[in-house]
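The values are calculated or read from the model by the stated rules, or taken from the named source; none is laboratory data. Fair warning: this is a prediction, and the values are worked out from it, not measured in the lab. Using ideal geometry, Cβ is built from the backbone for each residue, glycine included, and neighbour counts are taken over all protein chains shown. The accessibility values were calculated without ligands, DNA or RNA, using every heavy atom of the protein model including side chains. Shrake-Rupley method; radii C 1.70, N 1.55, O 1.52, S 1.80 Å.
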Amino acid sequence: MATNKLFGSMCVLAAALLVLAAAAGCEGAGDTYNPDDNGGDTDSDSDSDSDSDADSDSDSDSDSDSDSDADDVPGLDDDSDGYTDDDDCNDLDPNVNPDAIEVIVDEPYADGGMPEPADEDCDGTIDNPPGPCDDGIALDDVDPINGAKVMELCKTASADGTDWGVVSAAYVRADGAAATLPTAQIGVETNFGTSVLPLEGVNMFGLSSGHVRTPDQTDACGTQACYGYGAGTAPPGFPQDVPGCDGSTYIYDDVALQLTLRAPSNAVGYRYKFRFYSFEYPEWVCSSYNDQFIALVDPPPLGSINGNISFDSEGNPVSVNIAFFTVCEGCPDGTGDLAGTGFDAWGDSGATAWLQSTAPIEGGATFTIRFAIWDTGDQVLDSTVLIDGFEWIATGGTPTVETDPIIE
């Protein structure tokens, strides 16, 4: 009897040991994640990428052929913005990385609270957007990179990189052919006449079918017409006629600044300011002499007309035929902004106030914009455009192609 009891007890003990051994052998290998086991694998339904790359047990020195140690795994790009957490100062926000542009937080939420400022470009400083860079550029400067700087496009970018900025710049004719330099059809103005001052920085960029010179400057025209490059070739779709006003198909004295730009990774659009002056106004409104300014973008954004993004609400390119001509004798803004420009002294003329054109862009995209002006129909009665304050839009939303007056 004693022998049977001993034998029975040994059987119970052996069974218990088998259960314990089975449990030990399954630890870390079953279908249940143990939150206290920092070295254990997650199950197949785990949502953690880092856990799936961890060792299969708590022994980080194991010679096992299973997943490599977490310290050996390259940094992850958790927000899919092209940067891993080695370089991305916030890898959970795709709008934050070294290829982003800094955004000043100045708009409150709907509830009145202010968003938390961020270091979007990961340079270690919050709210430090790039500033103007156009000081010391001469009136007759013909370096196209300096032309971009006068518009506040300060940062340059490599042709084959991902960084944002000006990839290339060139002075060209309206069709993109190289322009002969120097020429007074290009100018950098600290003020245009007595009233018109830069909106950003200390200078404004100018293009003209005549000369970008005021009466007190060297190479000023002194008349309504200065002859420049002569006959040119218009881009496809231009000169664009205004409905009911048949224009000439010939252009003259055309000149352009062509920029290849790469947008910041967090950009959704861009905008720039300009104003247009012409001796064609008012006598030659709705005539064949329809001098034009365009901003030709390639690839063309949705909403552009023949690639042009500067036009009025009726789709008319910038000329004397647009509704924005408000600076003239008898116009809403009077003639004050013509004073001292030459447009007040050399003949009848008119101008727009400051306008702003806006267009969408995909973050990180590379594109070309050609700012061009020309005489249409003949070489007399010149026109001039001033451009200033180019800026990237990186505050979300979806900008549309439009041109609107600026409320000063």
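Using the structure shown, decide if Ala118 is assigned to a loop (DSSP other than H, G, I, E, B), on the phi < 0 side of the Ramachandran plot, at pLDDT 95 or above and not charged (D, E, K, R). No; evaluated as a whole, the condition is false for this residue. Quick one: is Arg271 in contact with a Phe, Trp or Tyr (Cβ under 9 Å, 6 or more places away or on another chain), modelled with pLDDT of 95 or more, part of a strand (DSSP E or B) and open to solvent by less than 10 Å² (accessible area, probe 1.4 Å)? So Arg271 does not fit the description; no.
This table checks each residue for (1) closer than 30 Å to Met204 by Cβ; (2) modelled with pLDDT of 90 or more.
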{"residue": "Asp78", "(1), (2)": "no, no"}
{"residue": "Asp106", "(1), (2)": "yes, no"}
{"residue": "Cys122", "(1), (2)": "no, yes"}
{"residue": "Val142", "(1), (2)": "yes, yes"}
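What number of residues within segment 346-379 satisfy the criterion of being open to solvent by less than 10 Å² (accessible area, probe 1.4 Å) and over 30 Å from the mean Cα position of the chain (by Cα)? Steps first, answer last, please.
Pass one, segment 346-379, residues open to solvent by less than 10 Å² (accessible area, probe 1.4 Å): 350-352, 354-355, 357, 359, 367, 369, 371-376.
Filter once more, keeping what is over 30 Å from the mean Cα position of the chain (by Cα): 350, 376.
Counting residues in segment 346-379 that are open to solvent by less than 10 Å² (accessible area, probe 1.4 Å) and over 30 Å from the mean Cα position of the chain (by Cα) gives 2.
Here Phe293 clears all of (1) over 22 Å from Ser248 (Cα atoms); (2) buried (at least 22 other Cβ atoms within 10 Å of the Cβ) except the condition numbered (1).
So that you can scan it fast, the table gives a plain yes or no per residue for (1) touching a Pro at 6+ places or on another chain (Cβ under 6 Å); (2) in a loop (DSSP other than H, G, I, E, B); (3) within 13 Å of Tyr277 (Cβ to Cβ):
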| residue | (1), (2), (3) |
| --- | --- |
| Val166 | no, no, no |
| Gly176 | no, yes, no |
| Leu207 | no, no, yes |
| Pro215 | no, yes, no |
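The single condition from (1) of a type in the set (Ser, Thr, Tyr); (2) touching a residue at least 60 places away in the same chain (Cβ under 8 Å); (3) farther than 30 Å from Trp392 by Cβ that Thr368 fails is (3).
Selection of segment 191-211 for residues being loosely packed, with under 15 Cβ neighbours inside 10 Å and touching a helix residue (DSSP H, G or I) at 6+ places or on another chain (Cβ under 9 Å) yields Thr194, Ser195. Here Asp404 fulfils each of the conditions (1) touching a Lys or Arg at 6+ places or on another chain (Cβ under 6 Å); (2) closer than 26 Å to Glu189 by Cβ; (3) open to solvent by 10 Å² or more (accessible area, probe 1.4 Å) apart from (1). Just one of the listed residues (Glu107, Glu189, Glu120) is acidic (Asp, Glu) and closer than 30 Å to Thr341 by Cα, namely Glu189.
Being under 25 Å from Glu402 (Cα atoms) and either touching a Ser or Thr at 6+ places or on another chain (Cβ under 9 Å) or touching a residue at least 12 places away in the same chain (Cβ under 8 Å) (or both) is a condition met by no residue of segment 212-227. Scanning segment 132-153 for residues that are more than 16 Å from Asn191 (Cβ to Cβ), open to solvent by 40 Å² or more (accessible area, probe 1.4 Å) and under 18 Å from the mean Cα position of the chain (by Cα) yields a count of 3.
One residue is enough: does segment 279-288 have a residue meeting the conditions polar (S, T, N, Q) and at pLDDT 95 or above? Scanning segment 279-288 turns up no residue that is polar (S, T, N, Q) and at pLDDT 95 or above. Considering the conditions (1) open to solvent by 20 Å² or more (accessible area, probe 1.4 Å); (2) touching an Asp or Glu at 6+ places or on another chain (Cβ under 8 Å); (3) farther than 20 Å from Tyr270 by Cα, Val188 is excluded by exactly one of them, (1). Of the residues making up segment 309-345, those that are open to solvent by 10 Å² or more (accessible area, probe 1.4 Å), under 14 Å from Ser383 (Cα atoms) and either in contact with a Lys or Arg (Cβ under 9 Å, 6 or more places away or on another chain) or among the acidic types (Asp, Glu) (or both) number 1.
So for segment 385-397 (the condition being at pLDDT 95 or above, over 25 Å from Val202 (Cβ atoms) and not β-branched (Val, Ile, Thr)), does at least one residue qualify? The answer is no, given that none of the residues of segment 385-397 is at pLDDT 95 or above, over 25 Å from Val202 (Cβ atoms) and not β-branched (Val, Ile, Thr).
For Gly165, the criteria (1) surrounded by fewer than 18 Cβ atoms within 10 Å (Cβ to Cβ); (2) on the phi > 0 side of the Ramachandran plot hold in every case but one, which is (1).
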